Amino acid sequence: MNEVMNTLLSHRSIRIYTEQPVEEAILEQIIKAVQAAPNWVNLQHVSVIAVKDKERLGKFAELCGGQGTIAQAPVFLIFCADFYRTWLACQEQGQAFDETVSQIDNLIVGANEVGIALGTAVAAAESFGLGTVPIGDIRLHALEAVEELNLPPYVVPMLGLCIGYPAEEPGIKPRLPKDAVYFEERYNPDLQPLLAQYDETYARYLKERPWNNRVGNWTQLAADFYRAPYSHYPEVPQMLRRQGFWSDRLT
Ligand SMILES: Cc1cc2nc3c(=O)[nH]c(=O)nc-3n(C[C@H](O)[C@H](O)[C@H](O)COP(=O)(O)O)c2cc1C
């Protein structure tokens, strides 16, 4: 096993941090890694906004459903899908843009790039001994997040990431069996036996973990999470429209 693999396979989300600040030089390396990541046509549709001010960290903790982890983290990065720069480029070239950006595939492009960027930031941060946790709840009060971050049109907040030195050791969460997520040549939909196997592993993990131990398994977790009416982030469609990212003529 090499060092990179060691870092990747040791991943676990960290939600409690020490008081130690994240050194500027390390944050710079993390952003360098993000910028070096693959992206669509080298058009680089991601922006990252760092929030470090204590009061503003508290504000974002509130906006993200009262997640104290954000208030406590030394750095909270917000990853945005960003078509503002490409809009400027089109303007520069005297070319229309609005109809282009509101094509549904651009949502996929933006989400892809943010995912790649955030994954890269997690790996880079963990390589320095830092802990992280992604925060999807940045989309909970999506309209206020846009205001708070001063986002221009065509910039959409997609994910947050808390970074800090770990003050907890939650351990590694077991994942699905490989055969349930990796296929050769063709997908195999006959997954129930593998899910049943994972349910046992997950139930044992939940029961035995030293923090927040509870009864349950993975299929229960999934069913609970997607229980109707499912509406985790109801402001997202309005925020996408406001940012010019979505039109009712979406194609
Ligand atoms: C897109 C995304 C959004 C997430 N949002 C949150 C969040 O809002 N709050 C939180 O505590 N964890 C959040 N997480 C962390 C996941 O719960 C965590 O990665 C998952 O349970 C696996 O655990 P592990 O990272 O410790 O292996 C998020 C993860 C991802 C990838």
query = Hey, how many Å between the Cα centroid of the stretch 140-162 and the Cα centroid of the stretch 28-61?
reply = 12 Å
remark   = Ranked by GNM mean-square fluctuation in the chain (Cα springs under 10 Å), the top entry among 33, 89, 124 is 89
query = So which lysines pass the test for residue 173, namely a Cα distance under 18 Å, with those fewer than 8 places away in the same chain ruled out?
reply = 207
key: Estimated FRET transfer efficiency (residue 223, residue 183; beta-carbon r; R0 41 Å; 0.05)   = 0.95
key: Computed E for residue 62/residue 4 - FRET, C-beta separation, R0 41 angstrom, nearest 0.05   = 0.65
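Could you size up the charge dipole of the stretch 178-222 around its Cα centre, putting +1 on the beta carbon of Lys and Arg and -1 on that of Asp and Glu, and report it in debye to the nearest 20?
Values: 6 positive and 7 negative charges, 70 e Å.
It comes to approximately 340 debye.
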query = With the chain treated as a Gaussian network of Cα nodes joined by springs under 10 Å, which of 205, 187, 154 yields the largest mean-square fluctuation?
reply = 187
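Counting only helical runs of four or more DSSP H residues, what would the 222 nm mean residue ellipticity of the chain come to if each run contributes -39,500 (n - 2.57) and the total is spread over all its residues? Please list the in-between numbers first.
Numbers: 12 runs with 116 residues, N = 251.
Per the formula, -13500 deg cm²/dmol.
By the gyration tensor of its Cα atoms, with a ≥ b ≥ c the square roots of the eigenvalues, what is the shape of the stretch 178-222: rounded for a/c under 1.5, prolate for a/b over b/c, or oblate?
On the way: a/c = 3.51, a/b = 2.68, b/c = 1.31.
The shape class here is prolate.
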task = Please list, in chain and number order, the residues 5+ apart from residue 159 or on another chain whose amide H is under 5 Å from its amide H, with Hs placed from the backbone.
result = 79
note = Per its Cα gyration tensor (rounded if a/c is under 1.5, else prolate when a/b beats b/c, else oblate), the stretch 146-222 is best filed as oblate
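Rounding to the nearest 20 debye, state how big the charge dipole of the chain is about its Cα centre with +1 on each Lys and Arg Cβ and -1 on each Asp and Glu Cβ. Numbers along the way, then the final one.
Numbers: 21 positive and 31 negative charges, 98 e Å.
In debye, rounded to 20, the chain gives about 480.
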remark   = Farthest towards the positive end of the dipole of the chain, among 2, 64, 77 and with Cβ unit charges of +1 on Lys and Arg and -1 on Asp and Glu, lies the Cα of 64
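Give the shape of the stretch 1-111 as rounded, prolate or oblate, defined through the alpha-carbon gyration tensor: a ≥ b ≥ c are the square roots of its eigenvalues, a/c under 1.5 means rounded, and otherwise the shape is prolate if a/b is larger than b/c and oblate if not. Don't skip to the answer; put the middle values down first.
On the way: a/c = 2.25, a/b = 1.55, b/c = 1.45.
Prolate, because a/c is 1.5 or more and a/b exceeds b/c.
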ask   = Which FRET efficiency value, to the nearest 0.05, do you get for residue 98 and residue 143 by plugging their Cβ-Cβ distance into 1/(1 + (r/R0)^6) with R0 = 25 Å?
value = 0.80
Full-extension gain in nm, residue 43 to residue 213, via 0.36 nm per residue minus C-alpha separation = 56.7 nm
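Taking the stretch 182-227, which GluC sites (Glu not before Pro) meet the DSSP loop condition and have no more than 12 other C-beta atoms within 10 Å? Please list the in-between numbers first.
Values: sites: 184, 185, 200, 208; in loops: 184, 185.
Passing sites in the stretch 182-227 are 184, 185.
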query = Reachable lysines from residue 32, Cα under 19 Å, same-chain residues fewer than 8 places away excluded?
reply = 52
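Filter the chain for me: DSSP H helices, axial length by Cα at least 15 angstrom, mean Kyte-Doolittle hydropathy not below -0.5. List them by residue number. Provide the component values of the computation, followed by the final result.
Numbers: long enough: 24-36 (18 Å, 0.69); 104-127 (35 Å, 1.01); 192-208 (24 Å, -1.01).
Qualifying helices: 24-36, 104-127.
Values in this text are rule-based calculations from the coordinates and carry no lab data. Fair warning: this is a prediction, and the values are worked out from it, not measured in the lab. No Cβ is skipped: glycine too gets one built from the backbone with ideal geometry, and neighbour counts run over all protein chains shown.
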